[in-house]
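Have a look at the structure below, then the notes.
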Amino acid sequence: MKKMKNPYKTHWYHRQVSYWLNKDLERDSGDIEDMEVIRLDPLPGTTPSKKPPVRIFLGTEPGQYRATRIFVWSVMQARNPARAYEVHLMSNATGISREGWKTGFTNYRYAIPFWAGNKGRAIYNDVDQIYLQDPAGLFDMDTKGKGILAISAKENAVMLIDCEKMANLWTIEDVRAGKKHDHFKGAMVKADMFGEMPGTWNSRDAEHPQEEINCLHYTTLHSQPWKPFPAYLRYREGPLYSLWHDMEKAADKAGYLLYTKEHPSKEFGRLIAQYQQMHETPETFAGYQIKKHFKTVADLAKATGATEILDYGSGKAINYQTIQGEPENSPYRQSESLPGLRIRCYDPGHAPFADIGEGPYGGVISTDVVEHLSPLDVPWVIDEMFSHAGGFVMIVAACYPAIKILPDGRNAHTTMQPPYWWHVQMALAARRYPNVRWTLICEEKGKLGRRQSVFSEKSPSPLD
């Protein structure tokens, strides 16, 4: 019998040349010890359900922020408003080698029983999926005594897991030891723990009519609508492509972000505490970097008529001078290189400049800041910059390791992503503030030296 062709396969001709030059991506073991969890409580005005929270463990990675946001948004649209939901973001987990993994989260799924306390139920989802129906329908499904429900023993991109039954079969020790898919699937089958669930809960591309789909899986890598890795894949439009984009537009219109200033990630607080500690050394985070970009700032201010700007993450503002007549402790500064501009300094890690002020400001500038954040906090911080800007935003992002090391031993550049990723973050924020001009400067270091990639509102959008 002739073997059926895999309709979801990404072939060599779908790959960019850079993929073949760097086929085996070097991934470290991650640095996140405490998993981020997005909790969706029962909505006000409803009678809270007595059923347990629907626990979803999402396999994701920093490069997939755009898909992560819309996955969670899809859960919010499909959920039972009276019930609690939890989305556990499995990303960059510490102590787990990712050598040879197809994605940055490939084998995290087998650690779910451990991360769930070896109790209760959990749903596993890959990040390349969206819910069109309430995931509680899967969470509450009758497992008929099985430990795993999936569409087949081999295809486990969506699973319902009985964590107690799987606790001794899928262990954190085996995950940390680097055991592969075959080991975990074999243990499941040998123990007779596999049960089949309806295919509509893992509907791959156009596998089912849209009205029948519970969970839509954009399986084919080179037709995923959010185009996460254009340096490695040649993207084309695929089935139900516009459905995902319509969902993203709805999230944009609602102003939805995974995290906000009022509710940042847990990692944000840990990082700020370390930066406050590092600021105690006079030469640390002095604010040297902005000087290199004074000409760009001056040009943007002139083009937009700005007279007062906010330096977001100014450090100790060493390149500015005090303004005559201003109080000694004033956050306002000036520079001979920026004539006619009042600069308000803001840095949450440096007490004298910890107040952002009222705004709006004619412009917002930021250097040596965004790469020091958790990837999950970058979007809301950039959004905050846009929200305080009346005329323009200029951000400089470093795409390479820092010289500085955090007190906990990590590199101070906690978000190291390529220029495309930063361009996506900027374009997403700009879509919510269409009247604000913006410039993004990405700085890279390589064997051939430094180089800059500059993007602006005139650059082709990475969101199309």
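The values are calculated or read from the model by the stated rules, or taken from the named source; none is laboratory data. Quantities reported herein were computed from a predicted structural model and do not represent experimental measurements. All Cβ positions, even for glycine, are placed from backbone atoms using ideal geometry, and neighbour counts span all protein chains on display.
Which one of these does Q77 not meet: (1) part of a helix (DSSP H, G or I); (2) crowded, with 22+ Cβ neighbours inside 10 Å?
With respect to (1) part of a helix (DSSP H, G or I); (2) crowded, with 22+ Cβ neighbours inside 10 Å, Q77 is out only on (2).
Evaluate region 404-427: report whether one residue or more is farther than 24 Å from D31 by Cα and touching a residue at least 40 places away in the same chain (Cβ under 8 Å).
For region 404-427, residues farther than 24 Å from D31 by Cα and touching a residue at least 40 places away in the same chain (Cβ under 8 Å): present.
Please verify whether P401 is loosely packed, with under 13 Cβ neighbours inside 10 Å, in a loop (DSSP other than H, G, I, E, B) and assigned by TED's automatic domain parsing to the domain that holds P375, treating the condition exactly as stated.
No; evaluated as a whole, the condition is false for this residue.
Looking at region 41-57, is at least one residue exposed (fewer than 15 other Cβ atoms within 10 Å of the Cβ), more than 30 Å from P230 (Cβ to Cβ), modelled with pLDDT under 95 and more than 20 Å from the chain's Cα centre (by Cα)?
Looking for residues that are exposed (fewer than 15 other Cβ atoms within 10 Å of the Cβ), more than 30 Å from P230 (Cβ to Cβ), modelled with pLDDT under 95 and more than 20 Å from the chain's Cα centre (by Cα), one finds none in region 41-57, hence no.
Per-residue answers, yes or no, for (1) outside the structural domain of Q224 (by TED's automatic domain parsing); (2) of a type outside the set (A, V, I, L, M, F, W, C); (3) within 30 Å of Q77 (Cα to Cα):
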site	(1), (2), (3)
F105	no, no, yes
N118	no, yes, yes
I123	no, no, yes
V127	no, no, yes
Y131	no, yes, yes
G137	no, yes, yes
L149	no, no, yes
K180	no, yes, no
K185	no, yes, no
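Within region 414-435, is there a residue that is over 24 Å from I70 (Cβ atoms) and aromatic (F, W, Y)? Give the derivation first.
Filtering region 414-435 down to residues over 24 Å from I70 (Cβ atoms) leaves 435.
If we keep only those that are aromatic (F, W, Y) as well, we get none.
The answer is no, given that none of the residues of region 414-435 is over 24 Å from I70 (Cβ atoms) and aromatic (F, W, Y).
Within region 196-227, take every residue that is within 21 Å of I123 (Cβ to Cβ) and without any contact (Cβ under 8 Å) to a residue 12 or more places away in the chain and give me the one that is surrounded by the fewest Cβ atoms within 10 Å (Cβ to Cβ).
H208
Looking only at residues in region 165-178 that are out of contact with any helix residue (DSSP H, G or I) (no Cβ under 6 Å at 6 or more places or on another chain) and touching a residue at least 40 places away in the same chain (Cβ under 8 Å), which one is surrounded by the most Cβ atoms within 10 Å (Cβ to Cβ)?
Among those residues, the one meeting the criterion is T171.
Taking region 72-83 on its own, how many of its residues are in contact (Cβ under 8 Å) with a residue 60 or more places away in the chain and of a type outside the set (A, V, I, L, M)?
Of the residues in region 72-83, 3 are in contact (Cβ under 8 Å) with a residue 60 or more places away in the chain and of a type outside the set (A, V, I, L, M).
Specify which of the listed residues (P239, P230) is modelled with pLDDT of 90 or more, over 23 Å from the mean Cα position of the chain (by Cα), surrounded by fewer than 17 Cβ atoms within 10 Å (Cβ to Cβ) and under 30 Å from Y19 (Cα atoms).
From the options P239, P230, the qualifying one is P239.
Given the options P379, P352, name the one that is in a helix (DSSP H, G or I), of a type outside the set (A, V, I, L, M) and in contact with a Cys (Cβ under 9 Å, 6 or more places away or on another chain).
P352
Would you pick out the residues in region 192-206 that are assigned to a strand (DSSP E or B) and closer than 14 Å to K144 by Cα?
In the first step, residues of region 192-206 are kept if they are assigned to a strand (DSSP E or B); the result is 194-196, 203-204.
Within region 192-206, F194, G195, E196 meet the criteria.
Do you know which of the residues in region 424-443 that are in a helix (DSSP H, G or I) and in contact with a strand residue (DSSP E or B) (Cβ under 7 Å, 6 or more places away or on another chain) is farthest from G63 (Cα to Cα)?
A430
So which residues in region 299-320 are over 22 Å from E358 (Cα atoms) and either surrounded by 18 or more Cβ atoms within 10 Å (Cβ to Cβ) or at pLDDT below 95 (or both)?
Selection gives I318, N319.
Of everything in region 93-111 that's in contact with a Gly (Cβ under 9 Å, 6 or more places away or on another chain) and in a helix (DSSP H, G or I), which residue is nearest to A167 (Cα to Cα)?
Looking at residues that are in contact with a Gly (Cβ under 9 Å, 6 or more places away or on another chain) and in a helix (DSSP H, G or I), I get R109.
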